[in-house]
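Written below as structure tokens is the structure these notes are about.
The values are calculated or read from the model by the stated rules, or taken from the named source; none is laboratory data. The shown structure was predicted, so the numbers you read here are calculated from the model rather than taken from an experiment. Ideal geometry is used to build each Cβ from the backbone, glycine not excepted, and the neighbour counts take in all protein chains shown. What goes into the accessible areas is simple: the full protein's heavy atoms, side chains included, and nothing from ligands, DNA or RNA. Shrake-Rupley method; radii C 1.70, N 1.55, O 1.52, S 1.80 Å.
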Amino acid sequence: MHQARPMARQSFVVTDAIREKVRHLAGLGVRQDDIARIVQCSPKTLRKRCRDDLDCGVAEANAIVSGSLFAAAKAGNIAAQIFWLKSRAQWRERAASHRAADGDAEASSPMVLVLPDNGRDQELAGNREKRFEQKRQC
């Protein structure tokens with residue numbers, strides 16, 4: 001009939017090692033519930049005691065990936081350049097609203113995008129130069 005009182009939970013102590021682990025896992029994109037399970041605390045406690053580490057981990061990971069994307073775009077990676085311009089410079093693709101009489105959408109385009117010659121395909125570069133010369137003569 002006499003029951004012992006339940007023991008209180010031990011206080012969750014945040015150490016530098018736990019902070020580093022939380023920051024790393026948050027940067028990898030691990031869910032907060034899973035991070036809490038890994039460091040053995042409740043999700044509420046994790047958010048209360050490690051808020052800065054959660055936020056900084058995500059921000060640092062985004063900065064690293066953005067830096068890599070920017071470096072790839074500068075190095076001539078066309079897909080990286082397009083993604084960067086669409087996401088960071090708010091460039092959008094639009095369907096041609098009016099086409100030339102012969103159906104050449106390129107002729108009616110108000111903007112010409114000239115990409116740097118990266119020396120990969122000489123035949124393509126030669127064809128591009130021929131088209132520009134033909135347009136200048138018209």
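Would you confirm, using the coordinates I've provided, whether Ala26 is free of Cβ contacts under 8 Å to residues at least 12 places away in the same chain and open to solvent by less than 60 Å² (accessible area, probe 1.4 Å)? Walk me through it before giving the result.
On the way: free of Cβ contacts under 8 Å to residues at least 12 places away in the same chain: no; open to solvent by less than 60 Å² (accessible area, probe 1.4 Å): yes.
No; evaluated as a whole, the condition is false for this residue.
Being more than 30 Å from Phe12 (Cβ to Cβ), modelled with pLDDT of 65 or more and out of contact with any strand residue (DSSP E or B) (no Cβ under 9 Å at 6 or more places or on another chain) narrows it down to one residue among Pro116, Pro43; which is it? Working first, answer last.
Numbers: Pro43 fails: more than 30 Å from Phe12 (Cβ to Cβ).
Only one candidate qualifies: Pro116.
Looking at Arg19, Arg5 in this structure, which one is assigned to a helix (DSSP H, G or I), open to solvent by 80 Å² or more (accessible area, probe 1.4 Å) and over 21 Å from Val65 (Cα atoms)? Before the answer, list the steps.
Numbers: Arg5 fails: assigned to a helix (DSSP H, G or I).
The conditions single out Arg19.
Ala79 passes all but one of (1) in a helix (DSSP H, G or I); (2) surrounded by 11 or more Cβ atoms within 10 Å (Cβ to Cβ); (3) out of contact with any helix residue (DSSP H, G or I) (no Cβ under 8 Å at 6 or more places or on another chain); (4) modelled with pLDDT of 70 or more; which number fails?
Going through (1) in a helix (DSSP H, G or I); (2) surrounded by 11 or more Cβ atoms within 10 Å (Cβ to Cβ); (3) out of contact with any helix residue (DSSP H, G or I) (no Cβ under 8 Å at 6 or more places or on another chain); (4) modelled with pLDDT of 70 or more one by one, Ala79 breaks only (2).
Please find, within region 31-44, the residue that is nearest to Ile64 (Cα to Cα) out of those that are buried (at least 16 other Cβ atoms within 10 Å of the Cβ) and either over 26 Å from the mean Cα position of the chain (by Cα) or of a type in the set (A, V, I, L, M) (or both). Even if it seems obvious, please write down each step before you answer.
Of all residues in region 31-44, those buried (at least 16 other Cβ atoms within 10 Å of the Cβ) come to 32, 35-36, 39, 41.
Those still in the list that are either over 26 Å from the mean Cα position of the chain (by Cα) or of a type in the set (A, V, I, L, M) (or both) too: 35-36, 39, 41.
Details: Ile35: 21, Ala36: 24, Val39: 25, Cys41: 28 Å.
Looking at the filtered set, the residue picked out is Ile35.
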